[in-house]
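Right, one structure below, let's go through it.
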Amino acid sequence: MIDPCSPASKSLLSLGQALERIKEAINPVAGSEKVTLKNALGRILSKSIYSPINIPPDRNAAMDGYALSSADIDREHPFTLGLAGTSWAGKPFQNPLQPGQCVRIFTGAVVPEQADSVIMQEQVKADRQAINFPANMPAGQNIRAAGEDIKQGELLCALPKKLTAGDLGLLASAGIHDISVKRQLKIAFFSTGDELIPIGRALEPGKIYDSNRYSLSGLLADPNYDAVDLGVIPDNKQFLENKLIEASKNHDVIITTGGASVGEADYIKEILESCGEINFWKVAIKPGKPLAFGKIGSCCFFGLPGNPLAVIVTFQQMVTPALKQLCGAPASNPLRLMATCTTALKKGPGRLEFQTGVLTQAGNGEFSVASAGKQGSHMLSSISRANCYIVLPAECSGIQAGDTVSVEPFSTLI
């Protein structure tokens, strides 16, 4: 792809090419740590986990009723058994079940060894210690076998799984207390620019509030990241270079916003070439063309654009996959759906474009999407209203209402 803003008409990397370069340049960080199960949500396993017990550990009743031996069942006629006692959940019936006897049993309670059937309580009539059963009672029903879900020694969760709430429940059911997970990534981030001031101060002429660090703080709110906000760095080349070198010594990743374009005060590319290495610094996407990726020593560097919407888009499309790879998380592609676009969209050919949209689903299951509003890379109002990106291919020259488009829901991103 050709960059129309470059006097030399240099080719731009496609998003796919940029992602491939990032993938080839980085390796997962080494190291693991122990965490308690309660603190393991979202963490990435560093060791596979096997069950130390059967799940469930004992045969138990699938519903409330009466446990009996099928040897006592008269398949053609009603029959009566004597009530020997009760098996409660957590308090099993302790005595051997004798012929001609049954046990009152509740859901989850241990089934006596001699019993092989549980008859639903709704199907019987109790007359004090005599329990009357109807004819045609099937044998062998309503019992959960020991190890029916997981047998002792079977795999519970395989590395490098990112643990979900369901995983925590499964591990707890096996009595797992603490687990080994990949260590957190150490990430430093900051904004650059003399025009930026912190929130809480009155605006001065020519100044704007720094919103990018707040967006990044939200995007980096992941249990696998130990992210540190280094504030705002002024447009001073030597100061910026010193800050990058210092941060690279004790972080796995540095993320900056601003300073990656071609202005006289945009120093990122020049500094990377001096103290590290630059892999690329322009990508054929919109918003977010001026993105720098490289390394300072072993520390990965991402120089994101200064425009706030471009910061969010480039982080999600390029930084997020890289951080997952560094964490050792399983690779995954973003979820994309096809939807009918209900509004016309302006676009010029040349770059892959991510426009903010509002995705809805009709009662028949069909998806439709509309523009979330103004699409300027300096505007955040539309992404606040949006719940998806409308992904427009590089060759696309606009969308008419009624056209089918590809959308990327935010549920997998934000």
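The values are calculated or read from the model by the stated rules, or taken from the named source; none is laboratory data. This is a predicted model, so every value here is computed, not measured. Glycine also receives a Cβ, built like all others from the backbone with ideal geometry; neighbour counts cover every protein chain displayed.
Residues being assigned to a loop (DSSP other than H, G, I, E, B), among the hydrophobic types (A, V, I, L, M, F, W, C) and surrounded by fewer than 20 Cβ atoms within 10 Å (Cβ to Cβ) are entirely absent from the stretch 224-245. Number of residues in the stretch 200-223 that are more than 26 Å from the chain's Cα centre (by Cα) and either surrounded by 14 or more Cβ atoms within 10 Å (Cβ to Cβ) or touching a residue at least 12 places away in the same chain (Cβ under 8 Å) (or both) equals 4.
Residues in the stretch 188-232 that are of a type in the set (Lys, Arg) and out of contact with any strand residue (DSSP E or B) (no Cβ under 8 Å at 6 or more places or on another chain): Arg201 only.
Take the residues of the stretch 193-223 that are outside any loop (DSSP other than H, G, I, E, B) and in contact with a Pro (Cβ under 7 Å, 6 or more places away or on another chain): which is farthest from Arg43 (Cα to Cα)?
Asn212
Filtering the stretch 371-392 to residues that are touching a residue at least 40 places away in the same chain (Cβ under 8 Å) and within 16 Å of Leu219 (Cβ to Cβ) leaves Leu380, Ile383, Tyr389. Cβ-Cβ contacts under 8 Å between residues 6 or more apart (or on different chains), taken from a first residue in the stretch 321-338 that is more than 16 Å from Asp222 (Cα to Cα) to a second residue that is at pLDDT 95 or above and aromatic (Phe, Trp, Tyr), are listed as Leu337/Phe367; Met338/Phe367.
Restricting the first member to the stretch 105-127 and to residues that are among the basic types (Lys, Arg), and the second to residues that are in a loop (DSSP other than H, G, I, E, B), the beta-carbon pairs closer than 9 Å and six or more apart or on different chains are Lys125/Pro134.
In the stretch 352-363, the residues that are in the same structural domain as Ser377 (by TED's automatic domain parsing) and under 14 Å from Met379 (Cα atoms) form Cβ pairs under 6 Å with partners that are among the polar types (S, T, N, Q) and outside any strand (DSSP E or B), at six or more places apart or across chains, as follows: Gln355/Gln375; Thr356/Ser382.
Among the numbered criteria (1) at pLDDT below 95; (2) surrounded by 15 or more Cβ atoms within 10 Å (Cβ to Cβ), which one does Val110 miss? Unmet for Val110, out of (1) at pLDDT below 95; (2) surrounded by 15 or more Cβ atoms within 10 Å (Cβ to Cβ): (1).
Among the candidates Leu68, Leu41, Leu97, Leu83, the residue that is assigned by TED's automatic domain parsing to the domain that holds Gly140 and either of a type in the set (Asp, Glu) or surrounded by fewer than 17 Cβ atoms within 10 Å (Cβ to Cβ) (or both) is uniquely Leu83.
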